[in-house]
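Below is one structure, written out as structure tokens; the observations come after it.
The values are calculated or read from the model by the stated rules, or taken from the named source; none is laboratory data. None of these values were measured; they are calculated from a predicted model. Neighbour counts run over all protein chains shown; Cβ positions are idealised from the backbone, glycine included.
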Amino acid sequence: MAWLLVIVAGLLETGFAVSLKLSHGFTRLWPTVAFCAFALGSFGLLTLSLRKLDVGPAYAVWTGIGATGTAIYGMAFLGDVVSTLKIVSISLVIVGIIGLQLSGSSQ
């Protein structure tokens with residue numbers, strides 16, 4: 001259950017990063033409201049998950065999901081440049097997260 005919270009928190013992190021971009025420096029109301037909701041949800045779920053999980057692997061998964069999700073979303077929907085190096089780098093982040101998870105988290 002704790003890992004499910006981390007995964008959802010990571011997806012919400014993607015939401016708050018994209019909303020931050022769309023808020024244009026907090027000058028647009030609804031993206032700013034979405035940013036606040038996603039951020040509170042993300043941090044709240046991460047906080048709950050850390051009651052049962054080691055901080056290193058949990059934080060790595062949370063930030064990894066957020067970073068890769070945001071990069072993929074940006075390339076797919078916001079016109080960010082797609083390059084081989086970006087795709088390889090995203091893959092390396094995912095491999096690193098898997099490696100941390102396999103390295104000994106007990107939950």
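Provide a single number: the residues in region 44-59 that are surrounded by 15 or more Cβ atoms within 10 Å (Cβ to Cβ) and within 15 Å of the chain's Cα centre (by Cα).
Total satisfying the criteria: 6.
Which of the residues belonging to region 72-87 are over 14 Å from GLY15 (Cβ atoms) and in a helix (DSSP H, G or I)?
Scanning region 72-87 gives MET75, ALA76, THR84, LEU85, LYS86, ILE87.
Could you say whether any residue in region 53-65 is of a type in the set (Gly, Ala, Ser) and closer than 22 Å to LYS21 by Cα? Before the answer, list the steps.
Within region 53-65, the first condition is being of a type in the set (Gly, Ala, Ser), and the residues that meet it are 56, 58, 60, 64.
Within this subset, residues satisfying the condition of being closer than 22 Å to LYS21 by Cα are 64.
For region 53-65, residues of a type in the set (Gly, Ala, Ser) and closer than 22 Å to LYS21 by Cα: present.
Could you tell me which residue of region 60-83 is modelled with the lowest pLDDT, considering only residues that are within 24 Å of MET1 (Cα to Cα) and either over 10 Å from the mean Cα position of the chain (by Cα) or among the small types (Gly, Ala, Ser) (or both)?
Only one residue fits best here, namely ALA60.
Every residue in region 10-41 that is of a type in the set (Gly, Ala, Ser) and either under 25 Å from GLY79 (Cα atoms) or outside any helix (DSSP H, G or I) (or both), please.
Scanning region 10-41 gives GLY10, GLY15, ALA17, SER19, SER23, GLY25, ALA34, ALA37, ALA39.
Name the pairs whose Cβ atoms lie under 7 Å apart, with the first residue in region 77-105 and within 17 Å of THR63 (Cα to Cα) and polar (S, T, N, Q), the second surrounded by 10 or more Cβ atoms within 10 Å (Cβ to Cβ) and modelled with pLDDT under 95, and 6 or more positions between them or separate chains?
GLN101/PRO57; GLN101/VAL61; SER105/LEU53; SER105/ASP54; SER105/PRO57
From the list SER49, SER23, exactly one residue is at pLDDT 95 or above and touching a Pro at 6+ places or on another chain (Cβ under 6 Å). Which is it?
Among SER49, SER23, only SER23 is at pLDDT 95 or above and touching a Pro at 6+ places or on another chain (Cβ under 6 Å).
Starting from residues that are polar (S, T, N, Q) and surrounded by fewer than 21 Cβ atoms within 10 Å (Cβ to Cβ), keep the ones in region 20-43 and report whichever is farthest from the chain's Cα centre (by Cα).
Only one residue fits best here, namely THR27.
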